[in-house]
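Notes follow once the structure below has been shown.
Where a number appears in this text, it was derived from the coordinates with a stated rule and is not lab data. In this text the structure is predicted, and so the values were computed from the model without any measurement. Using ideal geometry, Cβ is built from the backbone for each residue, glycine included, and neighbour counts are taken over all protein chains shown.
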Amino acid sequence: MNSQIKFTTPEEAVKVIKSGDHVHLSSVASAPQCLIKAMCARGENGELKNVHVHHLHTEGPAPYADPKFEGIFQLDSFFVGSNVRPVTQSGYADYIPIFLSETQRLYRCGAVPCNVAMIQVSTPDKHGYVSLGTSVDATLAAVETADTVIAVINKYVPRSFGDAIIPMSKIDIFVEDDTPLIEAKFAQPSEVETRIGKNCAALIEDGATLQMGIGAIPNAVLAQLGNHKNLGIHTEMFADGVLPLVKKGVINGEAKNIDKGMMVSTFLMGSKEVYDFIDDNPGVRMMDVGYTNDPYIISRNDRVTAINSALQVDLTGQVCADSIGTKFYSGVGGQIDFVYGASLSKGGKAIIAMPSVTKKGISKIAPVLDPGAGVVTTRNHIHWLVTENGAVDLYGKTLQERARLIISIADPSAQESLDRAAFERFGPHHHYIKSYMGK
Ligand code: COA
């Protein structure tokens, strides 16, 4: 089939981009590096001005975001990953706050135009279909709405199923490049992360459908689930930590109400082992993010257990996960999609799990959020909060009960000052806070 495709070079392909265009890049490992390089070369040659680039999290270099391209490329991302964090924090690049579930909608409703979608796909099958591999997310919507779709056909892109399969007729320009996909590396869980993993695992019931967010915690939780039964996956992303559980039969999707027996995700971030796992695997459905992250679809499975992390939590249960004070560190991602979806699910549990202190010893539980910190999960949405010191359920609890429960799992060195702050905020009459007054 490849021999029948009319390929062009990356340099020729990106000539379709005009000044003022909006360009979508597929996510994570699927960011089409050869096209990015060729687009930046045109920028260097002074051929382009004011081209807007959009993407979710991408792995690998993001040269278009370099300050030297000011006025040439403008990155307006849907998530602030580590490769674009410094330029976003310094103001050269910008970020569009948006629920992950709605990133696809931005294109479909026209709020963000898409002139050119630059994507990476698998080799075609005998029927003329290719797969979006590790990035369906908002990429499918970009393919549907773009004026021009440029696709890199790469033999290393896994042929994943679900919404990932698209006919080649949707693609206007083909480029061939067999560079292996970039792999994400994960550190072994620390002792604190392992304790958090154990506290989360104790909340996960047999038959639960899991969503794990981004960051260090998910693998620490998965490592503790070896003795669970009939777990399912309906998530926005997964990584290496699920593979041993699939091999062991712990994850089998048998208790799911929808997509029974299947794992459902919208993008992936992991090692080659993960990419190989989804290749030609009918047990994994890579779906549009409007499906995976729709809270009402999420809630159709029972015992949905969503585990996401946070940068800071205040004494009322407001969760900041996208910024450190005014500095954008990340994005809202799918946190609230899944917190809400899990809380609507029969027997569901929405969990925010984080270490009680940063590596520098700053308490992540604070009397109030830092000025500028963004509330991702509101105090109305939060259910479970987990640290290495325990797990507390804040749902249906009053402000004063919440403060007491949250302080109970803070780092012991921070508890007295947090108690004092709660006492000052809620007054001396309430009976929940042990209080530094010696009550
Ligand atoms: N005050 C100051 N600095 C803080 C801090 C705080 N309260 N909390 C964390 N930090 C610092 C850490 O020290 C670390 O700094 P370093 O990079 O210099 O070591 C950095 O911020 C990241 O913290 P860490 O705890 O290592 O983050 P993580 O990799 O576990 O990710 C989130 C945590 C919240 C950023 C991540 O889960 C996220 O992006 N969430 C939002 C989106 C989401 O939940 N989506 C759903 C699934 S994709």
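Here are some notes:
- Placed amide H near ALA184: partners under 5 Å, 5+ positions off or other chain: GLY270, SER271
- In terms of other Cβ atoms within 10 Å, THR8, THR58, THR292 run from fewest to most in the order THR8, THR58, THR292.
- In this structure, the amide hydrogen of ALA373, modeled 1.01 Å from its nitrogen in the peptide plane, lies closer than 5 angstrom to those of GLY325, counting only residues at least 5 positions away or on a different chain.
- 0 to 90° range, to nearest 10: angle between helix 399-408 axis and the chain longest Cα axis: 80 degrees
- Think of region 191-437 as a dipole: +1 on every Lys or Arg Cβ, -1 on every Asp or Glu Cβ, centred on the Cα centre; then among ILE278, THR316, PHE238, THR316 lies furthest on the positive end.
- Cα-derived Rg to Rh of region 191-437, Kirkwood definition: 0.99
- Cross-link pairs LYS272/LYS349; LYS155/LYS260; LYS68/LYS359; LYS256/LYS349; LYS15/LYS49; LYS198/LYS349 - those with Cα-Cα distance over 22 Å: LYS272/LYS349; LYS155/LYS260; LYS68/LYS359
- Percent RCO, i.e. relative contact order, over region 2-176, from Cα pairs under 8 Å lying at least 6 residues apart: 24 percent
- Label point at SER169 placed 7 Å out along Cα→Cβ; residues across region 1-44 whose backbone nitrogen lies under 19 Å: 1-2, 4-6
- A convex hull fitted to the Cα coordinates of region 227-374 yields 135 cubic angstrom per residue.
- Beta bridges from DSSP with both residues in the chain: antiparallel share about 20 percent, rounded to the nearest 5.
- With the gyration tensor restricted to C-alpha atoms of the chain, the semi-axes of the equivalent ellipsoid amount to 40, 26, 17 Å, longest first.
- Here the Debye sum runs over all C-alpha atoms of region 310-377 as equal scatterers in vacuum, and log10 of I(q)/I(0) at q = 0.13, 0.21 Å⁻¹ comes out as -0.37, -0.87.
- Net charge of neighbours whose Cβ lies under 10 Å from the Cβ of GLY162, counting Lys and Arg as +1 and Asp and Glu as -1: -2
- Trypsin sites (Lys or Arg not before Pro) restricted to DSSP loop in region 309-417 with at most 11 other C-beta within 10 Å: LYS346, LYS359, LYS360
- Expressed in units of 2.2 N^0.38 Å, where N is the residue count, the Cα radius of gyration of region 2-176 is 0.96.
- Around the Cα centre of the chain, unit charges on the Cβ atoms of Lys, Arg, Asp and Glu (plus for the first two, minus for the last two) sum to a dipole of about 1080 debye.
- Contact order normalised by residue count of the chain, Cα under 8 Å, 6+ apart, percent: 13 percent
- Relative to the dominant Cα principal axis of the chain, helix 412-426 is inclined by about 80°.
- Candidate cross-link partners of LYS346 among the aspartates and glutamates, defined by an alpha-carbon separation under 13 Å and a same-chain spacing of 8 or more, comprise GLU205, ASP302.
- Helix 191-201 axis versus longest C-alpha principal axis of the chain: approximately 90°, rounded to the nearest ten.
- Region 96-233 - percent relative contact order, Cα under 8 Å, separation 6 or more: 19 percent
- Sorted by Cβ density within 10 Å, fewest first, the residues THR358, THR123: THR358, THR123
- Two-site label geometry, THR179 and ASN227: point separation in nm, points 7 Å out along Cα→Cβ: 4.7 nm
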